[in-house]
1. When the chain is fully extended, how far beyond the present Cα-Cα distance does Lys127 get from Ser37, taking 0.36 nm per residue of separation?
2. What per residue convex hull volume, in Å³, comes out for the stretch 24-102 when only alpha-carbon positions are used?
3. Probe radius 1.4 Å, ligands and nucleic acids ignored: give me the carbon and sulfur share of the accessible area of the stretch 111-158 as a rounded percent.
4. If you count, for each residue, the other Cβ atoms within 10 Å and average over each peptide, how do 164-171, 151-158, 108-115 line up from highest to lowest?
5. Could you tell me how many degrees, from 0 to 90 and to the nearest 10, lie between the Cα long axis of helix 2-21 and the main elongation axis, the longest principal axis, of the Cα atoms of the chain?
6. Based on the Cα gyration tensor of the stretch 37-179, what are the three equivalent ellipsoid semi-axes, each the root of five times an eigenvalue, rounded to whole Å and given largest first?
7. Using the Kirkwood radius over C-alpha pairs as Rh, can you work out the diffusion coefficient of the stretch 98-148 via Stokes-Einstein at 37 °C, viscosity 0.692 mPa s, in µm² per second?
Amino acid sequence: MKKKLLIFLFTILFITGCNRMNKPSNEVEKLFINYNSLNSEVLMQLDSVLESENLTDVQKDKYKTILKKQYEDLKYNILNEEISNDTAVVSVEIEVYNLNKAIEGAKKYLEENKEEFYNDEELDNEKFKDYKLDSMLSMNERTNYILELTLTNIDNKWHLDDLLESDRQKIHGLYKNEI
C-alpha cells in the first residue's frame, strides 16, 4: 500500500513539475537569465550589432563594455502571464541603466560647449563619440520599463517571438519615451 501511495505521489509531483516547466513565463525568464549571464548567443548578437556601428575599434570595445554591464545588471520582474490558445503575452518590468539620459546629456553638453568639439565650424565626431561613450559608461541612474513579450506554442513547447525594436531599446536603456 505504501509503495502504491509513493508511486502515486511521485507521479503527481512529476506531472506538476513538468507543467510548471512548460510555461511562457519560464521562457521569458530564460531570456533574461541569458542576458544576465552574458550567454554566448547574446554576445554574438551584441557583436553583430556593434559591427554595424560607425565606431573605431576602441569605441566598439567601450560600447561593448557598456552593454555587457547593462546586461549583467539588468533586473527583471515577471508581472503577468496571459495565455490564449497557442499564444501568450508575458508582462515583465525591467530595470536598466538610463543610457538614453546619458546620450541626451551629452548632446546638451555639446550644444553648450561647442568650442570643445568643433574645429573650424566642423564637429570632431570622434571626440564627441568618445565623450558620449564616457557619459554612458559612468551612468549609474536606472530606469524602469514594461515589456509585453509574446510567445507561441509549437508542439507543446513555448517559443519566444522575436523582440520588437522598442523592447531591444528598452533592454539597452536607449528607449526614448515619445510623448
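1. Net length gain for the segment: 29.2 nm.
2. Each residue corresponds to 118 Å³ of Cα convex hull volume.
3. On the way: 1370 of 3240 Å².
Answer for the stretch 111-158: carbon and sulfur cover 42 percent of the accessible area.
4. My ranking of the peptides, most packed first, is 164-171, 151-158, 108-115.
5. The angle comes out near 30 degrees.
6. 35, 17, 13
7. Once the numbers are plugged in, D ends up at 274 µm²/s.
The values are calculated or read from the model by the stated rules, or taken from the named source; none is laboratory data. Bear in mind the structure is a predicted one, so any value in this text is a computation, not a measurement. Virtual Cβ from ideal backbone geometry, glycine too; neighbours counted across all protein chains shown. In case anyone asks, the SASA skips ligands and DNA or RNA and just uses the protein heavy atoms, side chains included. Shrake-Rupley method; radii C 1.70, N 1.55, O 1.52, S 1.80 Å.
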